[in-house]
Amino acid sequence: MSKTIAFIGLGIMGLPMAKNLVSAGFDVRGFNRSPEKAQALAEAGGQAAGTIAEAVDGAEVIITMVPDSPDVEDVLTREDGILAHAAAGATWIDFSTIRPDVAKGLAEQAKAKGLKALDAPVSGGEPGAVDGVLSIMVGGDQADFDAAAEVFDAVGKTIVLVGPSGSGQTVKAANQLIVAGNIGLLAEAVVFLEAYGVETTSALQVLGGGLAGSKVLEQKGQKMLDRSFEPGFRLALHHKDMGIVTAAAREAGVAIPLGSSVAQLVAATVQQGNGGLDHSGLFTVVEQLSGKQ
Ligand code: NAP
């Protein structure tokens, strides 16, 4: 397999995903705004590109993994960006989590330039990226999805085409709603258990075996008990995602009262200067509400 992949955005998620593509046999050229992260890819057998043009030139697949809608828009459409340098017929896969309407619009721009476009946000966190077992919700055409199977298989485990362009991002917005709600309730449960002096490690163990069990409980419970909120998934990014889901729900005429409450708690945590914590750090605000800090 010698397909050339340009990978733009080598952050917490992008770097391990790019490394997994190298391990799968692809020729991966990585570009990152801060160049030292691209060096880490080179040390793992990929190539460090100094510019987007250098990464994208002649690549059959172009991947973006950057934080937010304006960032994707920028790397795609700026003068020295992807669209200016991509070969016609290349496939652009955006793994970032962005607004569904922006994803749809950018896919149209990419298609007008002769590219194939797939919005493919992921779930599974940093451990899922490192282990190559992400859930990937894809929006785009069936033929383009099928043709990108080898790429998706190298980074993910549950990979589903959910509809036309933008649909992947709509499903990801629902994912973020569910995850934030779970984290909020888990935080409330931990504060509650601690108030009663219950042995919390045992409590979470037994809760994890019943209907209250979840991946959120498995991955975030101990972080809350330890007050250890090294990211992972930064609260600032989950704040962005709660903005996406509340706006999209409003647009669709859908009420999300629980989601809106959690969105406010996430916003408060970020405003307190904790946007750099893992999203399990939502616990800090939940704890404050009960005067327990
Ligand atoms: P991250 O660690 O902050 O990495 C973002 C990367 O994008 C960095 O390498 C950054 O470069 C680069 N970047 C930022 N703004 C840019 C711009 N305007 N132009 C070019 N490059 C830019 O974020 P992450 O956690 O990997 O998340 C990336 C995306 O995946 C986000 O959309 C996030 O919501 C989503 N996601 C994250 C997780 C998770 O658990 N972390 C899980 C699922 C989905 P610098 O190094 O120069 O800052």
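The values are calculated or read from the model by the stated rules, or taken from the named source; none is laboratory data. In this text the structure is predicted, and so the values were computed from the model without any measurement. Positions of Cβ are backbone-derived with ideal geometry, glycine not excepted, and every protein chain shown enters the neighbour counts. What goes into the accessible areas is simple: the full protein's heavy atoms, side chains included, and nothing from ligands, DNA or RNA. Shrake-Rupley method; radii C 1.70, N 1.55, O 1.52, S 1.80 Å.
Excluding ligands, DNA and RNA, the accessible surface per residue across segment 171-289 is 51 Å² with a 1.4 Å probe.
Applying the Karplus relation 6.51 cos²θ - 1.76 cosθ + 1.60 with θ = phi - 60° to segment 99-107 yields 3J(HN,Hα) values of 5, x, 5, 5, 4, 5, x, 5, 4 Hz, where x marks Gly and Pro.
Look at the dipole of segment 111-206 built from charges on Cβ: of 174, 200, 112, the Cα furthest out on the positive end belongs to 112. Remark: segment 232-244, residue by residue, has Karplus-estimated 3J(HN,Hα) of x, 9, 6, 4, 4, 6, 5, 4, 3, 5, 5, x, 5 Hz, where x stands for each Gly or Pro and the curve is 6.51 cos²θ - 1.76 cosθ + 1.60 at θ = phi - 60°. Working note: Debye formula, equal point scatterers on the alpha-carbon atoms of the chain, no solvent; log10 I(q)/I(0) at q = 0.15 Å⁻¹ is -1.12. Our note on the geometry: Cα centres of segment 15-29 and segment 214-293, 31 Å apart.
Hey, with R₀ at 41 Å, roughly what FRET efficiency would residue 192 and residue 251 work out to, going by the Cβ-Cβ distance, to 0.05? Show your work: numbers first, answer last.
Working: r = 35 Å, r/R0 = 0.86.
That gives a FRET efficiency of 0.70.
Over the chain, what is the percentage of antiparallel beta bridges among all DSSP beta bridges, to the nearest 5? Among the beta bridges of the chain, antiparallel pairing accounts for roughly 15 percent. Couplings for segment 75-92, taken from phi via the Karplus curve 6.51 cos²θ - 1.76 cosθ + 1.60 with θ = phi - 60°, read 5, 7, 9, 5, 3, 9, x, 4, 4, 6, 10, 6, 6, 4, x, 5, 9, 9 Hz in order; Gly and Pro are left as x.
Amide H to amide H distances under 5 Å link residue 87 with 58, 59, where only residues 5 or more positions off or on other chains count and H is placed in the peptide plane. By accessible area, using a 1.4 Å probe on protein heavy atoms only, the chain has 53% of its surface on carbon and sulfur. Relative to the Cα centre, the charge distribution of segment 193-293, modelled as +1 at Lys and Arg Cβ and -1 at Asp and Glu Cβ, gives a dipole magnitude of about 180 debye. Of all DSSP-defined beta bridges confined to segment 1-142, some 15% are antiparallel rather than parallel.
Could you work out [θ]222 nm for the chain from helices alone, using -39500 (n - 2.57) per DSSP H run of at least four and dividing by all its residues? Round to the nearest 500 deg cm²/dmol. The per-residue figure over the chain is -16000 deg cm²/dmol. Each of 82, 152, 285 was scored by the projection of its Cα onto the charge dipole of the chain, and the greatest displacement toward the positive side belongs to 285; charges sit on the C-beta of Lys, Arg, Asp and Glu.
Rounded if a/c is under 1.5, else prolate if a/b beats b/c, else oblate: with a ≥ b ≥ c from the C-alpha gyration tensor eigenvalues square-rooted, which is segment 4-164? Write down the numbers at each step before the final one.
Numbers: a/c = 1.42, a/b = 1.08, b/c = 1.32.
Rounded shape, in that the Cα axes give a/c under 1.5.
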